[in-house]
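Please treat every number below as a calculation from the coordinates, not as lab data. Remember, it's a predicted structure, so these values are computed and weren't measured experimentally. As a convention, Cβ positions derive from the backbone with ideal geometry for all residues, glycine included, and neighbour counts pool all protein chains shown.
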Amino acid sequence: MTSQRHWSQMQDWSLDWGMRLLFAVYRRCGRRMLQVFLYPVVSYYWLANAEARRASRDYLARLAAFEPDLKLSACLFHSYRHFLNFANAIIDKLAAWSGLIDINDVEFVGREQLLADLGAGRGALLLASHLGNPEVCRVMADRDAAVKITVLVHTKHAAKFNRLLRLYNPGSAMNLLQVTEINAATAMLLAEKIEQGELVVIAADRTPVNGGRTLSVDFLGAAAKLPIGPFVLAGLLKCPVYYLFCIKQDNRHRIVFERAGDALSWRREQRDAAVRQAASQYAQRLQTYTVSAPLQWFNFYDFWQT
């Protein structure tokens with residue numbers, strides 16, 4: 001039996017040249033014409049990448065068993081639709097970075113409470129995921145000029161994404177920060193950003209790149225591993241913690257800032273239990289939103305490590 005690769009070792013198909021090409025088509029010809037270009041690209045990737053296709057079908061099978069009312073299955077057609085949704089999310093990512101998503105196309109939920117917390121003089125930690133398109137939250141930075149956002153990413157492509165971001169929108173208030181692990185230096189840097197009133201965004205649904213500690217939670221009816229780092233970080237930063245979800249419904253982006261509570265705190269002997277509880281709570285909320293937008297789950301690897 002061949003061992004499954006870690007997600008960070010899988011090739012990212014939304015590389016520099018591809019993003020530039022798709023974005024050029026989008027700007028010159030519009031979204032409808034872009035779909036024509038997407039079909040052959042998605043078809044090639046769907047056919048050529050057996051590992052991602054297998055992961056898609058595994059996810060869809062679990063989802064169908066967990067929530068039969070969705071009328072989805074692990075068939076090839078639904079898997080292909082899954083990939084098409086991912087391709088369109090990349091286009092939305094480009095549009096968000098370049099300022100082409102109109103504020104009227106975005107619905108905010110929980111924004112007022114988040115701004116109230118920021119108004120108290122400190123920042124907040126946002127626990128995101130690979131459901132939907134969290135990058136669209138940069139629209140909030142356009143609308144609220146004082147809001148600055150730092151997104152932690154774990155891939156070597158962060159530098160390329162930053163260059164593209166600056167190319168398309170030099171005045172962007174969103175910054176991508178590459179990290180391979182959450183260590184003391186990372187925590188100190190992020191603590192400074194929190195003290196300056198910034199938002200720090202980190203995805204909490206992928207295991208660490210360097211093989212760091214994980215814990216097991218229930219997700220879609222089976223055990224899945226989550227990284228410990230983001231939840232420990234929530235305790236170290238001592239700031240408000242929110243879940244960030246951004247899904248697309250009826251051609252509108254719905255950005256949800258759901259308050260997870262005040263800063264996590266614990267006595268030393270209680271840390272493991274507190275972190276486990278926080279991770280389980282995050283997994284349950286992620287599960288709820290995943291069921292509401294099932295084809296917008298974009299973890300194309302063996303998430304359950306079967």
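Key figures
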{"quantity": "Cross-link pairs beyond the 26 Å C-alpha cut-off, checked among LYS71/LYS248; LYS148/LYS225; LYS148/LYS248", "calculated": "LYS148/LYS225"}
{"quantity": "Anchor LYS238: aspartates and glutamates whose Cα lies under 20 Å away (excluding residues fewer than 8 positions away in-chain)", "calculated": "ASP117, GLU181, GLU192, GLU195, GLU198, GLU258, ASP262, GLU269, ASP272"}
{"quantity": "Under 14 Å, Cβ to Cβ, from ALA74 - net charge with Lys/Arg +1 and Asp/Glu -1", "calculated": "+4"}
{"quantity": "Burial ordering of LEU237, LEU47, fewest other beta-carbon atoms within 10 Å first", "calculated": "LEU47, LEU237"}
{"quantity": "Relative contact order %, segment 236-292, counting alpha carbon pairs below 8 Å whose residues are six or more apart", "calculated": "31 percent"}
{"quantity": "Placed amide H near VAL151: partners under 5 Å, 5+ positions off or other chain", "calculated": "ASN175, LEU176, LEU177, VAL201"}
{"quantity": "Straight-distance crosslink candidates among aspartates and glutamates, where the alpha carbon sits under 12 Å from LYS93 and sequence neighbours closer than 8 are dropped", "calculated": "GLU135"}
{"quantity": "Formal net charge of residues neighbouring ARG57 (Cβ-Cβ distance under 13 Å; K, R +1; D, E -1)", "calculated": "+1"}
{"quantity": "Local electrostatic count at LEU237 - Lys and Arg +1, Asp and Glu -1, tallied over other residues with Cβ under 10 Å", "calculated": "+2"}
{"quantity": "Overall form of segment 234-306 per C-alpha gyration tensor (a/c, 1.5; a/b vs b/c)", "calculated": "oblate"}
{"quantity": "Order of LYS93, LYS238 under a 10 Å beta carbon neighbour criterion, fewest first", "calculated": "LYS238, LYS93"}
{"quantity": "Full-stretch length increase - PHE66, ASP218 - with 0.36 nm per residue and alpha-carbon distance subtracted", "calculated": "53.5 nm"}
